[in-house]
Amino acid sequence: MSDVSARARALREQIERHNRAYFVEDTPLIPDADYDSLVRELRELEAEHPEVRVEGSVSTTVGAPASTTFAPVVHAERMLSLDNVFDVDELRAWSERVARTLEIDADVISFAVEPKIDGLALAITYVDGEFVQAATRGDGQVGEDVSLNVRTIRSVPTSIGAPGRVEVRGEVFLGNDDFLRLNEAQIARGDKEFANPRNAAAGSLRQKDPAVSASRPLSFLAYQLVGDESAFRTYDETIEKLAAWGFLTAAHRVVVTGIQEMVARSSWFEAHRHDLGYQIDGAVVKVNDLAQRRLLGSTSRAPRWAIARKFPPEERSTRLLGIEVSIGRTGRATPYAVLSPVLVAGSTVSMATLHNEDQVALKDVRPGDLVVVRKAGDVIPEVVSRVPEEGARRSRPWRFPEVCPECDGPLVRREGESDTYCVNPACPAQLMQQVLHFASRGALDIEGLGEQRVGQLLREGLVSDVADLFALRVEELAPLEGLGEVSAKALVSGIDAARSQPLSRVLVGLGIRHVGPVAARSLALAFEDYDQLADADLEALEAVEGVGPVIAASLFRYVREPDTIERIARLRAVGFALREPRVERAAASLAGRAVVVTGALEGYSRDEAEAAVVERGGTSPGSVSKKTYCVVIGDAPGASKLSRARELAVPLVPAEDFEFLLETGTWRNTLA
Ligand code: IVH
């Protein structure tokens with residue numbers, strides 16, 4: 001018994017400490033996922049051992065007591081949190097519980113599915129249509145008066161057309177672009193960078209000086225109308241009302257019927273979590289019918305009519321076992337962390353980048369430390385920060401090695417640069433990376449050239465430049481260990497086939513700094529062959545869609561380097577045409593262009609429409625920005641996308657022109 005109660009007490013203490021750090025000090029010490037698992041463990045302990053339960057346990061409360069910096073505000077109606085589920089099965093189980101309570105079939109329940117924005121909850125009160133007060137959640141009962149700061153948020157209307165007392169609740173957050181801009185400004189002023197948009201939003205909202213808040217690009221998204229609901233039948237209707245009053249509402253919110261669609265839509269948010277323009281950590285599912293909501297009611301902590309489906313965490317803490325250095329294809333020496341393996345964003349991570357020498361020093365991470373690891377989308381895992389541990393003995397600060405771990409050549413860091421390089425042009429690690437990159441899927445796509453095989457070819461002295469690959473003969477490969485006649489033939493024919501790859505893939509394969517697949521494709525399409533590209537002046541390069549001054553300058557320099565001239569000559573000699581075939585031009589009608597689709601298009605699901613754009617070389621992001629090429633307007637388009645497009649004067653293309661757009665890359669008419 002005492003073991004269990006000691007563990008419960010320890011968990012409560014830890015959770016309380018993290019609540020303070022997160023809600024009061026705006027500087028979380030551990031990733032959200034680690035916090036969630038502490039709460040989960042405590043709840044499970046309390047459920048299994050009712051004798052260890054205590055009154056007011058952190059497992060049943062919300063947030064943390066309000067700080068003393070701001071005046072306290074007692075909420076007219078408790079500000080609840082949301083219960084979480086962590087996978088599809090738990091989500092289904094929740095909806096089945098809802099159905100049982102309502103005594104109806106889950107397949108007829110109308111659910112709203114919307115993003116779970118990673119910001120802070122806020123309650124705004126209007127009296128006779130005028131803004132009078134804004135308060136944070138605090139512990140759910142008492143929050144902090146942040147009215148002066150909230151008045152400076154542009155997406156909060158100062159007056160709304162509603163009589164009496166109205167309370168609007170929602171989330172304060174920072175959009176991704178705004179977050180990046182804010183951090184740039186922080187750096188420029190010599191101030192501390194914020195770890196993530198949520199911390200930046202929290203820190204910005206809880207400023208003592210409203211002028212500082214005003215300078216922060218905060219947004220507010222409304223999702224709840226508190227008080228008299230008699231005018232509305234559904235959540236959808238209340239959201240429409242909020243939008244009509246001028247509040248921002250979730251752009252990708254949908255109302256669906258039944259479990260299957262509800263689950264599918266929540267997964268859509270997971271697939272698009274990085275395309276929305278702001279950070280989300282899950283999807284929220286809510287019962288749409290307000291009468292049903294009243295029947296379901298709430299616990300002390302959260303409503304029973306809503307649930308948050310949390311996505312796999314993109315941050316976890318783990319032990320740093322050691323720091324090593326790897327050599328890239330340009331000779332750059334990148335320090336990386338060797339970690340005790342953890343599951344992050346659905347896969348096991350045992351290595352993570354530390355970027356460069358300064359980053360290691362700045363984060364002050366040392367072997368033996370507990371660290372936070374982050375893996376988001378396709379981005380390579382990185383070490384974000386150190387988790388301080390009281391009383392822990394730490395190893396000495398890590399020092400960057402002075403010689404290359406691969407070739408023993410000197411490692412050099414030039415004055416004013418943050419990166420360190422192995423400057424030995426014959427370093428086998430550099431060559432290895434060049435060949436691997438050249439053969440990779442996004443470049444020449446040569447099968448059978450993995451790390452092991454390439455290492456072997458280099459050691460045997462058969463390859464010392466990418467062009468050497470094309471001189472390899474079956475007779476010299478077959479005797480190599482692990483190859484044999486059959487594999488050798490397959491490898492040679494795979495390499496052979498690469499000769500007919502278009503210029504764009506060769507450009508990618510060369511690994512020119514800043515020239516990624518999108519720019520490579522636009523450049524290849526614009527110039528058609530390598531010589532014309534190499535002859536182009538800076539102005540001509542910059543004129544290409546998706547090519548800015550940085551890419552243009554890098555390419556301009558690259559094509560003039562003696563090593564490049566020699567390498568290109570060798571590639572030509574082994575049979576590369578270095579041209580972009582014309583047929584591909586028609587197919588790539590939308591190369592490098594961002595086409596936003598909103599509303600339903602006849603004959604296309606949302607995913608199919610997006611795929612059609614991507615197939616033609618374009619992208620189909622979830623939100624409109626000034627880089628958007630056009631917005632295709634389907635049936636029942638999203639109001640916020642429409643207004644944003646109008647604001648930025650992005651062309652609105654009618655649905656009838658979608659196919660024309662795919663074919664030609666342009667349109668016949670636009671809408672007003
Ligand atoms: S509804 C009573 N909807 O997540 C229902 N909350 O972890 C109140 N959040 O306290 C919440 N996006 O601060 C709701 N679309 C959304 C949300 C959302 C983010 C926040 C909110 C809530 C917390 C729970």
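The values are calculated or read from the model by the stated rules, or taken from the named source; none is laboratory data. Because the structure is a prediction, the values reported are computed rather than measured. Please note: Cβ atoms are built from the backbone with ideal geometry, for glycine as well, and neighbour counts cover all protein chains shown. Heavy atoms of the whole protein, side chains included, go into the accessibility calculation; ligands, DNA and RNA do not. Shrake-Rupley method; radii C 1.70, N 1.55, O 1.52, S 1.80 Å.
Restricting attention to the chain, close to 85% of DSSP beta bridges with both partner residues there are antiparallel. Taking every lysine pair in the chain that is 8 or more places apart or spans two chains, those with Cα atoms closer than 21 Å amount to 14.
Of the accessible area of the chain, computed with a 1.4 Å probe over protein heavy atoms only, carbon and sulfur atoms account for 49 percent.
For the chain, a/c is not less than 1.5, where a ≥ b ≥ c are the root eigenvalues of the C-alpha gyration tensor, and a/b tops b/c. That puts it in the prolate class.
The residues of the chain expose on average 49 square angstrom of accessible surface per residue, using a 1.4 Å probe on protein heavy atoms. The stretch between Ala478 and Asp531, if pulled fully straight at 0.36 nm per residue, gains 15.4 nm over its current Cα-Cα span. Over all other residues within a Cβ to Cβ distance under 12 Å of Ile104, the charged ones net out to -4, with Lys and Arg as +1 and Asp and Glu as -1.
Annotation: average projected area of the range 237-290 is 4.2 square nanometres, based on the convex hull of Cα atoms across all directions. For the range 171-231 versus the range 379-451, the inter-centroid distance based on Cα atoms is 36 Å. Over the range 169-233, the Kirkwood radius and the radius of gyration, each from Cα atoms, give a ratio Rg/Rh of 1.15. Near Ile551: Cβ cut-off under 14 Å, other residues only, Lys/Arg at +1 and Asp/Glu at -1. The net charge is 0. DSSP finds beta bridges in the range 590-672, and of those with both partners inside it, around 25 percent are antiparallel.
Normalised radius of gyration (Cα atoms, divided by 2.2 N^0.38 Å) for the range 431-545: 1.20. Each of Leu578, Cys407, Gln14 was placed along the dipole of the chain (beta-carbon charges, centred on the mean Cα), and the one lying farthest toward the positive end is Gln14.
Take each peptide in 567-577, 508-518, count the other Cβ atoms within 10 Å of every residue, and average; sorted highest first, the result is 508-518, 567-577.
Taking square-rooted eigenvalues a ≥ b ≥ c of the alpha carbon gyration tensor, is the range 1-118 rounded, prolate or oblate, where a/c under 1.5 means rounded and, failing that, a/b exceeding b/c means prolate?
Oblate.
By definition, a body whose alpha carbon gyration tensor gives a ≥ b ≥ c is prolate when a/c is 1.5 or more and a/b is larger than b/c, and the range 341-478 fits this prolate description.
I need the helices of the chain that pass two filters: whole DSSP H segments spanning 20 Å or more by Cα along the axis, and mean Kyte-Doolittle score no lower than 0.0.
Qualifying helices: 484-498.
Net charge of the neighbourhood of Pro367, taken over other residues with C-beta under 11 Å away and scored Lys/Arg +1, Asp/Glu -1, is +2. Taking 4.7 Å between beta carbons as the limit, the unpaired Cys residues of the chain are Cys630.
Please give the charge dipole size of the range 176-223, origin at the Cα centre, charges +1 on K and R Cβ atoms and -1 on D and E Cβ atoms. Round to the nearest 20 debye.
Magnitude of the dipole: close to 180 debye.
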